[in-house]
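Trainee: Mind having a look at this structure? Questions to follow.
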Ligand code: SIN
Ligand code: FE2
């Protein structure tokens with residue numbers, strides 16, 4: 001029998017103080033969020049950035065918001081312009097902002113005001129190694145991470161790279177929020193398994209909202 005509802009949808013899991021997993025939180029908006037991603041990617045196409053070590057990332061990225069996260073051989077930075085087009089990133093859609101603010105509030109972070117949304121696109125095999133998000137000036141405001149499309153295995157470590165890592169499956173509509181005491185937890189994404197999702201086909205999309213300035 002096919003279940004009518006995902007049995008996890010709507011549950012809330014405290015990962016640790018300052019970090020919450022909200023199952024299915026973005027589910028009702030998934031299709032509309034993906035339509036916005038398409039519009040953003042028409043203006044600023046997904047690209048595989050090069051990191052300072054010279055390696056090309058397997059995850060393809062674009063951004064919206066006042067600034068966007070970019071990387072090249074000289075380092076990582078937030079830039080008000082898309083270096084590929086020379087134009088400003090598209091403004092953050094109201095739908096994005098509203099979702100990020102509601103998720104942050106649900107996790108205990110009132111008045112969230114993100115100025116950047118990094119959009120990650122994972123094809124089969126794409127991964128994101130264990131890292132901290134530390135290019136932002138605000139050390140307290142949360143990261144709000146929204147998963148869309150194919151499921152992924154999210155890795156949730158500790159404040160030191162060597163800390164034990166928990167693995168959890170993130171599905172379409174799941175939102176993870178981490179800030180305050182959990183803001184600098186190491187995290188990453190295991191290589192994406194191939195599959196087919198009704199909304200995205202063979203890819204996973206992740207939105208991460210950040211308060212940079
Ligand atoms: C990130 O760490 O920036 C992205 C996490 C994810 O794709 O779930
Ligand atoms: Fe990250």
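What follows is calculated from the coordinates using simple rules that are stated; it is not laboratory data. The model shown is predicted, which means the values in this text are computed figures rather than measured ones. Counting neighbours? That spans all protein chains shown, and the Cβs are built from the backbone with ideal geometry, glycine included.
Trainee: 7 Å from Cα along Cα→Cβ at both residue 50 and residue 35: what's the point-to-point distance in nm?
Mentor: Inter-label distance under the simple model: 3.8 nm.
Trainee: Grab the Cα-Cα distance for residue 131 and residue 42, subtract it from 0.36 nm times how many residues apart they are, and report the gain in nm with one decimal.
Mentor: Difference between extended and current length: 29.2 nm.
Trainee: Then there is this: If one computes the Cα centroid of the range 37-66 and of the range 137-159, what distance in Å separates the two points?
Mentor: Each part's Cα centre sits 17 Å from the other's.
Trainee: What is the packing order of peptides 124-133, 35-44, taking the mean over residues of other C-beta atoms within 10 Å and listing the highest first?
Mentor: 35-44, 124-133
Trainee: Obtain the radius of gyration and the Kirkwood radius of the range 12-210 from its C-alpha atoms and give Rg over Rh.
Mentor: Rg divided by Rh gives 0.92.
Trainee: So, one more: Counting every Cα pair in the range 134-193, what percent are over 15 Å apart?
Mentor: 54 percent
Trainee: With runs of 4+ DSSP H residues as the only contributors, calculate the mean residue ellipticity of the chain at 222 nm using -39,500 (n - 2.57) per run, divided by the residue total and rounded to the nearest 500.
Mentor: -4000 deg cm²/dmol
Trainee: Over all directions, average the projected area of the Cα convex hull of the range 4-129 and note it in nm².
Mentor: One quarter of the hull surface, i.e. the mean projection, equals 9.4 nm².
Trainee: Shifting gears a bit: Does anything in the range 179-213 have its amide N under 11 Å from the 7 Å Cα→Cβ label point of residue 153, and if so which residues?
Mentor: Counting only backbone N, you get 189-193.
Trainee: So what's the range 88-173 giving for Rg/Rh, alpha carbon basis, Kirkwood Rh from the mean inverse pair distance?
Mentor: With Rh from the inverse mean 1/r over Cα pairs, Rg/Rh is 0.96.
Trainee: How many percent of Cα pairs in the range 66-110 exceed 13 Å?
Mentor: 65 percent
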